[in-house]
Structures are given as structure tokens and as C-alpha cells.
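Trainee: Pasting in a structure now, in C-alpha cells, and then I'll have a few things to ask.
The values are calculated or read from the model by the stated rules, or taken from the named source; none is laboratory data. Small disclaimer: the values here were computed from a predicted structure and weren't measured. When we count neighbours, we look across all protein chains shown, and the Cβ atoms used for this are built from the backbone with ideal geometry, even at glycine. Ligands, DNA and RNA are excluded from the accessible area calculation, which covers all protein heavy atoms including side chains. Shrake-Rupley method; radii C 1.70, N 1.55, O 1.52, S 1.80 Å.
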Amino acid sequence: MEKLIAFDDSVTLPAVGQGTWFMGEDALRRQEEVAALQAGLDCGLTLIDTAEMYAEGGAEEVVGEALRGRRDRAFVVSKVYPWNAGEVDAVEACERSLHRLGTDRLDLYLLHWRGNVPLEETIRAMEKLQQQGKILRWGVSNFDVDDLQELLSEPGGNQCATNQVLYHLASRGIEYDLLPECQQRQMPVMAYCPLAQAGRLRQTLFTHVTLVEIAQQKGISVAQLLLAWVIRKEGIIAIPKASSQAHVRENAAALQIRLSDDELARINRAFPPPQSKQPLDVV
Ligand code: NDP
């Protein structure tokens, strides 16, 4: 059965979505990227994650093209630059994103990372956008435990729908404190770079003997193993970026993969969970 995540009371999503960083950079790849996102929607990877930052709006335009005639099948996430997260600027930034995406609403709008705008002001901006119907939910990204606690102590801060952070097998720091904190608050976590950027963030990941062995035994790819591992816990949605239809289908199939206790123990021996606080990893 496909792994689902209850995002909130009104939305349940497959635990794998689609990232878009580096899409929209090269006009020659545009049709391939649009086709990949559409194939993902067809496979049920309904969450599409983008940002005003990606290709300076170019990725949102690719997503917009992919969504044409399919908007209602998607859960669209975009992100605001920290320096656009003030009360007036955030509304304007969101309107620009909506225009590029060719839609009248975002399902989720995230503060991309914490900057100099006071959190209280960003919360007010998010509330205004919600009242205007331009966003249905808001959340944050790259917030460690202390930032999150500060946010939640602000008036309205407890409406934060998610925290999007880096999480892959070779970077397990959030398991020590951030993940339990979010889980206790029933706040879903969006795991970015779940494939460690195809191993670029950890060169040996895709060739690691334990992972290759387990993947071979299960008849799956190492990428699928990495995704199945990220979504093994409740409340986590992985957002791998794939610009080929073959990769998208492979990633969608990871929703069906379950890891046994023995497999998880072997993975833990090769990539031990954190025993102390680690600073939040970012790219
Ligand atoms: P990922 O870990 O998702 O890796 C992407 C790479 O993996 C691409 O090179 C892709 O290749 C490759 N890939 C995808 N599927 C497969 C597969 N089945 N087998 C082998 N290779 C595969 O890295 P990202 O940095 O893209 O992170 C995912 C998303 O998270 C981003 O796209 C973005 O939406 C979000 N993000 C958010 C950040 C934040 O600060 N909030 C920071 C970084 C990312 P190809 O494209 O050729 O298919």
C-alpha cells in the first residue's frame, strides 16, 4: 500500500512529492521538466515544491506550465525569500509567484529561511495572504529547534503548517531533537535533498556496500531505498527533484516499499543515528 501522510485535518498526501530546484535554468530542458512533473502528477506525486528563488522565478514558470489543466490535482508549495518576508513585500512576492504559476492560490507558502524580518511581521503577512485566499497554509524552512520554538511562541505562530529541512541518510541530525519536536506538535516535516542530490552531498552514498546489497536483495534501486528510508517514519514527506520521467516513476514506486526491522538495523550500523545535538544541516 502506498505510504500517505496526513498533512493536516483536511489534506492527506502521498509521502513522496516533487522538488524543482534547478528546473527552469535551461530553455532546452524545459519540455522534459514539464513532462517529468506531469508524469509525477499522473503517478500520484501531487505535492510540487518550488520557490521564487529557483531560476529566479523560472522554476515556478515550469511548474505553471506543468499545472495547466491539472491545477486541482496538485498541492503547490512555494517559498518567499527572507528579504521579501515583510508585511507588504510578502504579499507582492506571493502575487508574483501566483502569476508565474498561473494559479490563484498556493496550497502552502514557506519562509525559505530565517532572515532579518521579525518573525512576528512574517506571521502577519502570512495571515493577510490567507485572509485574501492567496495561500491556504503557511510554514517555514531551515528552522532549527530554537527558531521553531521562538516562532511558536509568537501570536499566531502555532498555525505554522510545516518545517522543510534537509534530511537524507547521510545527514540524520534532525532525528536527535528537531524531528521529535515536530512530531510531538504533529507538524509534518518536508525532507529536502532526500537523495543527497544524487550523492553529490555524500559522494559514496549510492555505492555504499550495505545500501547496494539491500537494494539488490529487494530488487530496487539505491535511490528508492534512500526515499523509502526517509519516509519510513510518520509525518515525513520527501521531495526528490527528478527531471526525467524514468526517475519520477522510480521515485513514485518508492511509496510502496517497506523496510524490515533487520534492514533498518543494518542501515543504522552503516549510518548511525545522532547521539548528540547537531547543528541543522543546510545547502
Ligand atoms: P535531491 O536529493 O532531490 O536530488 C536531486 C538529484 O537526484 C537530481 O540530480 C536528480 O536527477 C536525481 N534523481 C532524482 N531521482 C532519481 C532516481 N530515481 N535515481 C537517481 N537519481 C535521481 O536534491 P534537491 O536539492 O533537488 O532537493 C529536492 C528538492 O527539495 C529541491 O528540488 C527543492 O524543491 C527542495 N529544496 C529545498 C531547500 C530549502 O532550503 N528549503 C534546499 C534544497 C532543496 P534528474 O534531475 O536528472 O532526474
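Trainee: Give me the net charge for the shell around P14: Cβ to Cβ below 10 angstrom, other residues only, Lys and Arg +1, Asp and Glu -1.
Mentor: Net local charge, P14 excluded: 0.
Trainee: Report the charge-dipole magnitude of segment 132-231 in Debye, nearest 20, computed about the Cα centre from +1 at each Lys and Arg Cβ and -1 at each Asp and Glu Cβ. Show your work: numbers first, answer last.
Mentor: Numbers: 7 positive and 9 negative charges, 110 e Å.
Its charge dipole is roughly 520 debye.
Trainee: Need the C-alpha centroid separation for segment 32-50 versus segment 74-99, integer Å.
Mentor: Measuring centre to centre over Cα atoms gives 21 Å.
Trainee: In addition: Just want to confirm a number: the relative contact order over segment 1-116, from Cα pairs under 8 angstrom separated by 6+ residues, in percent. Before the final figure, lay out the partial values.
Mentor: On the way: 188 pairs, mean separation 27.0, N = 116.
Relative contact order, segment 1-116: 23 percent.
Trainee: Considering only DSSP beta bridges whose two residues both sit in the chain, what percent are antiparallel, to the nearest 5?
Mentor: Taking every DSSP beta bridge with both residues in the chain, the antiparallel ones total about 15 percent.
Trainee: Going Cα to Cα from K134, which lysines come in below 24 Å? Please leave out same-chain ones fewer than 8 positions away.
Mentor: Within the straight-line limit of under 24 Å, K134 reaches these lysines: K79.
Trainee: Can you tally the net charge around C193? Count Lys and Arg as +1, Asp and Glu as -1, for every other residue whose Cβ sits under 14 Å from the Cβ of C193. List each step's numbers first, then the result.
Mentor: Details: positive: R172, R200, R202, K241; negative: D49, D281.
So the environment of C193 carries a net charge of +2.
Trainee: A further question on this structure: Need one value: the accessible area of I123 in square angstrom, 1.4 angstrom probe, rounded to the nearest 10.
Mentor: Its accessible surface works out to 0 Å², give or take rounding.
Trainee: What part of the accessible area of segment 4-270, given as a whole %, is carbon or sulfur when the probe is 1.4 angstrom? Intermediate results must be reported in sequence, preceding the final value.
Mentor: Working: 5090 of 10970 Å².
Result for segment 4-270: 46 percent of the exposed heavy-atom area is carbon or sulfur.
Trainee: Here's something else I'd like to know. Using +1 at the Cβ of each Lys and Arg and -1 at the Cβ of each Asp and Glu in segment 4-270, identify which of I5, A215, G17 lies farthest towards the dipole's positive end.
Mentor: Going by the Cα projections, it comes out as A215.
Trainee: Oh, and also: On C-alpha positions alone, give me the angle between the axis of helix 261-270 and the longest principal axis of the chain, in degrees, nearest 10.
Mentor: The answer is roughly 80 degrees.
Trainee: Would you calculate a helix-derived [θ] at 222 nm for the chain, using -39,500 (n - 2.57) for each DSSP H run of n ≥ 4 and dividing by the full residue count, to the nearest 500?
Mentor: Calculated from helices alone, the mean residue ellipticity at 222 nm is -11000 deg cm²/dmol.
Trainee: While we're here: Mind checking the per residue accessible area of segment 4-270 for me, 1.4 Å probe, whole number of Å²?
Mentor: Per-residue accessible area for segment 4-270 comes out at 41 Å².
Trainee: For helix 209-218, what angle does its Cα long axis make with the longest principal axis of the chain, in degrees from 0 to 90 and rounded to 10?
Mentor: With both axes taken from Cα atoms, the answer is about 90 degrees.
Trainee: Using Stokes-Einstein with the Kirkwood hydrodynamic radius over Cα pairs, what translational diffusion coefficient do you get for the chain at 37 °C and a viscosity of 0.692 mPa s, in µm²/s rounded to a whole number?
Mentor: D = 173 µm²/s.
Trainee: Could you give P(r) for segment 1-103, binned at 5 Å from zero, as whole percent values over all Cα-Cα pairs?
Mentor: Bin by bin from 0 Å, the calculated values are 3, 13, 23, 22, 18, 13, 6, 2, 0.
Trainee: Between beta-carbons, use under 13 Å as the cut-off and find the net charge around V282, counting Lys and Arg +1, Asp and Glu -1.
Mentor: The answer is -2.
Trainee: If contacts are Cα pairs under 8 angstrom and at least 6 residues apart, what is the relative contact order of segment 209-278 in percent?
Mentor: Answer for segment 209-278 is 34 percent.
Trainee: Using the Cα centre of the chain as the reference point, and only Cβ charges (+1 on K/R, -1 on D/E), how large is the resulting charge dipole? Debye, rounded to the nearest 20.
Mentor: For the chain, the charge dipole is close to 820 debye.
Trainee: Still on this structure, I have one more. Expressed as a whole number of Å, what is the distance separating the alpha-carbon centroids of segment 154-209 and segment 215-262?
Mentor: So the two Cα centres are separated by 15 Å.
Trainee: If you wrap a convex hull around the alpha carbons of segment 24-157, what volume per residue comes out, as a whole number of Å³?
Mentor: About 102 Å³ per residue, rounded to a whole number.
Trainee: From the cross-link list K218/K241; K3/K128; K3/K241, which pairs have alpha carbons spaced over 28 Å apart?
Mentor: K3/K128, as the Cα separations exceed 28 Å there.
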